[in-house]
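The values are calculated or read from the model by the stated rules, or taken from the named source; none is laboratory data. Given the structure is predicted, the values throughout are model-derived calculations rather than measurements. Every residue, glycine as well, gets a Cβ built from its backbone with ideal geometry; the counts of neighbours run over all protein chains shown. Protein only, heavy atoms only, side chains kept; ligands, DNA and RNA dropped before computing areas. Shrake-Rupley method; radii C 1.70, N 1.55, O 1.52, S 1.80 Å.
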Amino acid sequence: MYDCIIVGAGPSGGTAAYHLAKRGHSVLILEKESLPRYKPCGGGVSPIIAQWFDFDFSPAISVKVDSLRFTWNLEDPVEAKIPNKEPIWMVRRDIFDHFLVQQAQKQGAELKDKTEVTGIEFQGDAWQVNTANGPVTGRYLIAADGAKGPMAKWLGFKDRKRHLAGALEAEVPADVENTSMAHFEFGMVKNGYIWNFPKADGYSLGVGTFIGGAPQDFKKILDDYSQSFNVDVKICKQYGHPICLWNGNQKLHTQNAILAGEAACVVDPMTAEGIRPSIFSGLLAANAINEALAGDINALEAYTNAINEQWGTEMAWAQKLANAFYRFPKIGYKVGVKSPTGAQTMGRILCGELRYADVASRALKRLIPGFGG
């Protein structure tokens, strides 16, 4: 009987496992893949996450980015230095996710990878989690199995407020000219953007749309974009996947179980940043389970409230900004990105040093004349 079983070994699952195990609880992480495992992701991480841990992330960081370059149809470039002490981290998810889990294991958490969950049932006062390798039992359950995982559905979260975005990504081996600069392109794709994030040994290239609209030929768009960097994405494996964007306050707890990470739809609807919010949800999930194990019958409800208040309030502004920016991207690029402080502001948001609430109202007034009265 474990105190907590965590399904999924991504950033939210690894974070929850670390903080629960550090407090002396018995924790089991179940992961269907073999770790380390590839995960399509741009791999940009806000350095502000370091405040939630007491170990050094350096082994898991590929390069650090202190400059951003924005373009519109590959032209009209805007470059900006990020005015932060600590630049944005660029990571490879196989290394980063496994590193987090290893820190949890050092605290006593157990890992069973190559172990797919086949079903769950609540028996008495605990969860029986059935796997391909036999059943395990835990008093509490954290569903951290991502955008495509079945746990939320099995737990009864059938009408979640989730907005699925689409992305196509590729990892391209290359000699990177400038490993301290990340690239964003806004004109070549509708309702989203293209990114090129440097790693020590290549680029993470991707294209995503975040507010719906007519289908687009992502492969052609990514191919055309990659040629501007003299790399060929056609020779690389490309990964299409859904992204669970935040789409309003919602219930994230049920009987002795909570949702975390992309299973809780915490991804930023403006930038599609997912690692920091996933880690934040894993941190709050660990706090909630810790309180519940100590006898607080309202701890899981408090988790839902905390996510909605501390992350959802911020994401409401991000959602308004995304709806305005991506519907009128040329205006957005002109009055937002090209404004004297626009690019730096985006850098500070990506670093976690600035909140949307601090800038969104002013930005929306520039994008939509008459906004706010």
| request: Report the antiparallel proportion of the DSSP beta bridges in the chain as a percent, rounded to a multiple of 5. | output: 70 percent
| field | For segment 246-320, the fraction of alpha-carbon pairs in successive 10 Å shells from zero, as % | value | 21, 54, 20, 4
| task | Could you size up the charge dipole of segment 1-145 around its Cα centre, putting +1 on the beta carbon of Lys and Arg and -1 on that of Asp and Glu, and report it in debye to the nearest 20? | result | 260 debye
| Unit Cα scatterers, Debye sum, segment 145-197: log10 I(q)/I(0) for q = 0.22, 0.25, 0.26 Å⁻¹ | -0.93, -1.05, -1.09
| said: On the principal axes of its Cα set, how long, how wide and how thick is segment 1-91? Give whole Å, largest value first. | reply: 60, 28, 19
| message | Positive end of the dipole of the chain, charges at C-beta (+1 Lys, Arg; -1 Asp, Glu), about the Cα centre: which of L245, G13, G274 has its Cα farthest in that direction? | response | L245
| note | In whole percent, the fraction of accessible protein surface over segment 297-348 that belongs to carbon or sulfur atoms, probe radius 1.4 Å, stands at 55 percent
| So what's the angle, to the nearest 10 degrees on a 0 to 90 scale, between helix 313-327 and the longest Cα principal axis of the chain? | 40 degrees
| request: Could you size up the charge dipole of the chain around its Cα centre, putting +1 on the beta carbon of Lys and Arg and -1 on that of Asp and Glu, and report it in debye to the nearest 20? | output: 900 debye
| note | Taking Rh as the Kirkwood radius computed over alpha-carbon pairs of the chain and applying Stokes-Einstein at 37 °C with viscosity 0.692 mPa s, one gets a diffusion coefficient in µm² s⁻¹ of 156 µm²/s
| field | Pairwise Cα inverse-distance average, inverted: Kirkwood Rh of segment 51-165 (Å) | value | 18.5 Å
| query | How big is the charge dipole of segment 197-252 about its Cα centre, in debye rounded to the nearest 20, if each Lys and Arg gets +1 on its Cβ and each Asp and Glu gets -1 on its Cβ? | reply | 240 debye
| field | Binned Cα-Cα distance frequencies in segment 116-221 - 10 Å width, integer % | value | 12, 28, 21, 22, 15, 2
| note | Cysteines of the chain without any disulfide-compatible partner (other Cys Cβ under 4.7 Å) are C4, C41, C236, C351
| request: Just the number, please: carbon plus sulfur as a percent of the accessible area of segment 106-258, 1.4 Å probe, no ligands or DNA/RNA counted. | output: 45 percent
| Helix-derived [θ] at 222 nm for the chain: sum -39500 (n - 2.57) over DSSP H runs of at least 4, divide by residue count, nearest 500? | -8500 deg cm²/dmol
| Helix 11-22 versus the longest principal axis of the chain: what angle, 0 to 90°, nearest 10, using Cα atoms? | 40 degrees
| Any idea of the accessible area per residue across the chain, 1.4 Å probe, to the nearest Å²? | 42 Å²
| task | Of the listed pairs K32/K237; K64/K338; K22/K237; K32/K190; K81/K330, which have alpha-carbon separations greater than 32 Å here? | result | K22/K237; K32/K190
| request: Please report Rg over Rh for segment 185-266, where both radii come from the alpha carbon positions and Rh follows the Kirkwood definition. | output: 1.09
